[in-house]
Amino acid sequence: MISSDLKAGISPSKQTPLPLIPGDAVQIGLGVGLLENECGGVIFIWGNAAYCFDSNDVAARRFAAVQLVITKAAKFGEVCRAFDVGPTTLNRWRVKYLELGLSGLIERKKGPTSPHKLTDEITNEIESLRKEGKSLREIATLIGCSTYLVRVALGLVEKDLVRPNDSDKELPSCYDEEDFSGEATDDQKEKASTALIPLAQPEPRDAERVAARFGLLEEAKPVFTEGLGLSRVGTFLILPALCQTGLIKVAKDLYKRMSNGFYGLSSILLSMVFLCLVREPRAEGMTRISPAEFGRLLGLDRSPEVKTLRRKLRELEKLQLGSQLLTRLAKHHVETEPESIGYLYVDGHVRVYAGKRDLQKNHVTRTRIAAPATLETWVNDYRGDPVFVVTSKISASLVSEIRSLLPQLRSVLGEKKSTIVFDRGGWSPELFKELIEAGFDFLTYRKGKYELPEPSTFATQTYVENNIKYTYNLNDSNIKIPLPKNRDGNAVLECRQVIRQSENKHQISVVTSRTDLSASETLYRMFSRWRQENYFRYGRMHFALDGLDSYKAIADDTERSVPNPERKVLQDQLRKARNLATHKEAELGKYSFGKELDPSLDEYHNVRSELVQGIEDAQEKVAELEQKVSDTPVRVPLETIRPKATLLDEERKLITHAIRLSTYNAESYLTRMLIGHFPMDESRALLREAFNASGDIEIVDKTLNIRIDPLSAPRRTKALNALCEQLNETKTTYPETDLILNYSVKKKPGMP
């Protein structure tokens, strides 16, 4: 039936919508409000009265607050503010409700529990329950007393400390009841009042992930979740040192940004760095780490998984900027630590390949065999810290690699002068001359035969470095090294030679163009080359230096000239034929002069003729093989012997090298900060423990407080505390945020 208003053509008035919550109610969240007065309170959810409680019904009020959290009708922090309670209190209500139901929310009468005095009967019962394996909390529940009195009965606390009115005090949530004895200290009460949630889970960032899915999000910004007892919080220690290496800054200047997505360039780089710190340097290491646990370190709800890391690295790989990244990091290293590049150690490193692809073999020094491998040339500073690395040509000599590195070294160093230190594999007078002409000095071991000086010409000299005295027995002299002949005649290179004589009279010769150094320092700098070898060993053990980060391979240059293997076989046969001919000639001489037979006898002539014939046959074989060797080319195109030869694509390896050498250098930076607080030879072991240490995260104003749990020994904790004090002076901010990092070490419960 149509109303009269419509028949008259009059439009009906619009009805004002009803409010979802009363006007004087406190809004908790979207569509949720709390109306509370002296009579009680009511919870409104989307206009409906969902929960109500009287003013004297404490359990009902707690139940209403807990239900809002459990049903996710409102956020945890909003419920805390509406009910005027701290997060620790609300979390305790939630736990009690889940364990005991509504009875767990009933307010208990404060005061001493019964029994509160120990008798022999109660003590014996407590001891018997403890022998059964009951925990302190279980024993207290069964007996009906406080855990404190249980500790007294078991002798964990002096009985003289028990007072008649001791109540069952509740322990602060940041400590385990098994590790806490006696009354809470001031430090424990202060930490319990910080309102941090143990093992707090980050808020899901589903909306941002949906936006990233459609390419609408450039990258997710770090948002940290506060909490107690979070694992691997110690990895934050690396951040001030990582800023010193310039990894994130240089990478952002070079790569600008990655394609739109949830994980940006900074989060990917930090993920790889943190993986190195927990000694899982490859992307596969994410399979052994909880994504939610690792995401807390990045300020995200989850860390990237293996496939995501590989996809992001593949995106960087396509830009072909790995060499430029390493070069820029090297320049940053020179700018920030110019004192470290006075000596540069250059050496080749053979990265062994164990796959099925057809790679050319290289000699592996540490195993003394030839194996499929790729060759790299590393440059380290005088402390042994890596500066940069380049991929070398297959089977290249150290001489050729140093020669090819000179333009890049000059580009990195600018006008700064440096001494290039290398092993005797780089011995070449021509290379020495080129180094001097390029503005470098050189230092290397002498190769080849030379006249040894008399023992009487040696003198004892000492050199002091880092308060350590080094004593050598040395001979210092000037020598002239002949250069290859040229149109100007025979030329020589004047150098300095320092020879060390050991206790067993063994002599080691070092040649250099430096004349300003003492003989003892010259030898010390040469022997410090082992710092580079130590880095190779440490890198293989902890930073996957030889790891295969990409399975991608490219075809080798089939027109490349390589040694002819056929000629090598013929040369081996020629060597054996010459040895046979020499052996037969020796037999003939032995028979002619060693036998006492009469030369007129037929037997003598028959044997001698056989030996002569054997020598002639051997000489004919030698001549034939010499001709074959001469006719066989020394080098042939690769396609004639290995048409399916391949090479490993090195672009991704260069990127991971840049990340890992920056992490190693950052770790070295921290070890230098520990000088005077901890032995240098144990400092990296201390850092490895500290990186894996758990702790708390708390944000106060613009400060990101990192409180690390004590380490395994007091001396280690003391050294870590000294390191934290030095790091706080740097005022470092977490990447992509304005939060200043502040480090501290928590005190052990019960410790002063």
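Annotations
- Within region 53-62, being in contact with a helix residue (DSSP H, G or I) (Cβ under 8 Å, 6 or more places away or on another chain) and not in a helix (DSSP H, G or I) holds for 53, 54.
- Qualifying helices (runs of 4 or more DSSP H) (wholly inside region 63-138; at least 2 residues being modelled with pLDDT of 85 or more and over 28 Å from residue 698 (Cβ atoms)): 120-131
- Here residue 690 meets the list (1) in contact with a strand residue (DSSP E or B) (Cβ under 8 Å, 6 or more places away or on another chain); (2) open to solvent by 40 Å² or more (accessible area, probe 1.4 Å); (3) modelled with pLDDT of 95 or more almost entirely, failing just condition (2).
- Conditions (1) open to solvent by less than 20 Å² (accessible area, probe 1.4 Å); (2) touching a helix residue (DSSP H, G or I) at 6+ places or on another chain (Cβ under 7 Å): number failed by residue 239: (2)
- Scan of region 216-249 for residues that are in contact with a Ser or Thr (Cβ under 8 Å, 6 or more places away or on another chain) and over 29 Å from residue 329 (Cα atoms), ordered by number: 228, 229, 230, 231
- Test for residue 314: is it at negative phi and open to solvent by 10 Å² or more (accessible area, probe 1.4 Å): yes
- In the set 66, 85, 95, 58, only one residue is of a type in the set (Val, Ile, Thr) and in contact with a Phe, Trp or Tyr (Cβ under 6 Å, 6 or more places away or on another chain); that residue is 66.
- Sole residue being closer than 30 Å to residue 203 by Cβ, touching a residue at least 12 places away in the same chain (Cβ under 8 Å), surrounded by fewer than 17 Cβ atoms within 10 Å (Cβ to Cβ) and of a type in the set (Gly, Ala, Ser), chosen from 251, 283, 292: 292
- Long-range neighbours under 6 Å by Cβ, at least six apart or interchain, first residue touching a residue at least 12 places away in the same chain (Cβ under 8 Å) within region 721-750, second of a type in the set (Gly, Ala, Ser): 724/744; 735/266; 736/266
- Test for residue 657: is it assigned to a loop (DSSP other than H, G, I, E, B) and over 30 Å from residue 571 (Cα atoms): no
- Taking residues in region 650-677 that are without any contact (Cβ under 8 Å) to a residue 60 or more places away in the chain, and partners anywhere that are open to solvent by 10 Å² or more (accessible area, probe 1.4 Å) and of a type in the set (Phe, Trp, Tyr), the pairs with Cβ atoms closer than 9 Å and at least 6 places apart or on different chains are 671/678.
- Every pair of residues 6+ apart whose Cβ atoms lie under 7 Å, when the first sits in region 229-244 and is within 11 Å of residue 696 (Cβ to Cβ) and in contact (Cβ under 8 Å) with a residue 24 or more places away in the chain while the second is among the basic types (Lys, Arg) and part of a helix (DSSP H, G or I): 230/296
- If only residues of region 392-415 that are more than 16 Å from residue 431 (Cα to Cα), at pLDDT below 90 and polar (S, T, N, Q) are counted, the one that is nearest to the chain's Cα centre (by Cα) is 392.
- Restricting 273, 278 to residues that are of a type in the set (A, V, I, L, M), crowded, with 22+ Cβ neighbours inside 10 Å and closer than 23 Å to residue 668 by Cα narrows the list to 273.
- Listed by first and then second residue, the pairs with beta-carbon distance under 9 Å, at least 6 apart or on different chains, first residue in region 495-522 and more than 17 Å from residue 462 (Cα to Cα), second part of a loop (DSSP other than H, G, I, E, B) and of a type in the set (Gly, Ala, Ser), are 495/513; 496/513.
- Counted residues, region 695-741 - those being assigned to a loop (DSSP other than H, G, I, E, B) and either in contact with a helix residue (DSSP H, G or I) (Cβ under 6 Å, 6 or more places away or on another chain) or open to solvent by 60 Å² or more (accessible area, probe 1.4 Å) (or both): 12
- Contact map, region 330-356: first residue modelled with pLDDT under 95, second residue part of a strand (DSSP E or B) and of a type in the set (Val, Ile, Thr), Cβ cut-off under 7 Å, separation 6 or more or different chains; pairs are 342/419; 348/377; 350/364; 351/374; 352/364; 353/374.
- Residue 341 being more than 16 Å from residue 394 (Cβ to Cβ) and buried (at least 21 other Cβ atoms within 10 Å of the Cβ): yes
- Selection from region 291-335 of residues that are of a type in the set (S, T, N, Q), touching a Ser or Thr at 6+ places or on another chain (Cβ under 8 Å) and part of a loop (DSSP other than H, G, I, E, B): 303
- Top-ranked residue in region 344-367 [being of a type in the set (D, E, K, R) and assigned to a loop (DSSP other than H, G, I, E, B); ranked as nearest to residue 545 (Cα to Cα)]: 366
- Scanning region 31-49 for residues that are outside any strand (DSSP E or B) and out of contact with any strand residue (DSSP E or B) (no Cβ under 7 Å at 6 or more places or on another chain) turns up 38, 39, 46, 47.
- Complete set of residues in region 630-671 that are charged (D, E, K, R) and within 20 Å of residue 537 (Cα to Cα): 653, 660, 667
- The residues listed here are 312, 249, 256, 307; of these, the one that is closer than 23 Å to residue 742 by Cα and of a type in the set (D, E, K, R) is 249.
- Residues in region 437-466 that are among the aliphatic types (A, V, I, L, M) and more than 17 Å from residue 399 (Cα to Cα): 452, 459, 464.
- Within region 469-480, residues that are more than 11 Å from residue 512 (Cα to Cα) have Cβ atoms under 6 Å from residues that are among the aromatic types (Phe, Trp, Tyr) in these pairs: 470/463; 470/524; 473/458; 475/458, counting only partners at least 6 apart in sequence or on another chain.
- Region 429-484, subset at pLDDT 90 or above, loosely packed, with under 13 Cβ neighbours inside 10 Å and hydrophobic (A, V, I, L, M, F, W, C), residue farthest from residue 344 (Cα to Cα): 459
- In region 380-401 there is at least one residue matching the filter, namely being in a helix (DSSP H, G or I) and either surrounded by 18 or more Cβ atoms within 10 Å (Cβ to Cβ) or at positive phi (or both).
- Of the residues in region 25-45, at least one is open to solvent by less than 50 Å² (accessible area, probe 1.4 Å) and either of a type in the set (Ser, Thr, Tyr) or within 45 Å of the chain's Cα centre (by Cα) (or both).
The values are calculated or read from the model by the stated rules, or taken from the named source; none is laboratory data. Not measured: the values here are computed from a predicted model. No Cβ is skipped: glycine too gets one built from the backbone with ideal geometry, and neighbour counts run over all protein chains shown. What goes into the accessible areas is simple: the full protein's heavy atoms, side chains included, and nothing from ligands, DNA or RNA. Shrake-Rupley method; radii C 1.70, N 1.55, O 1.52, S 1.80 Å.
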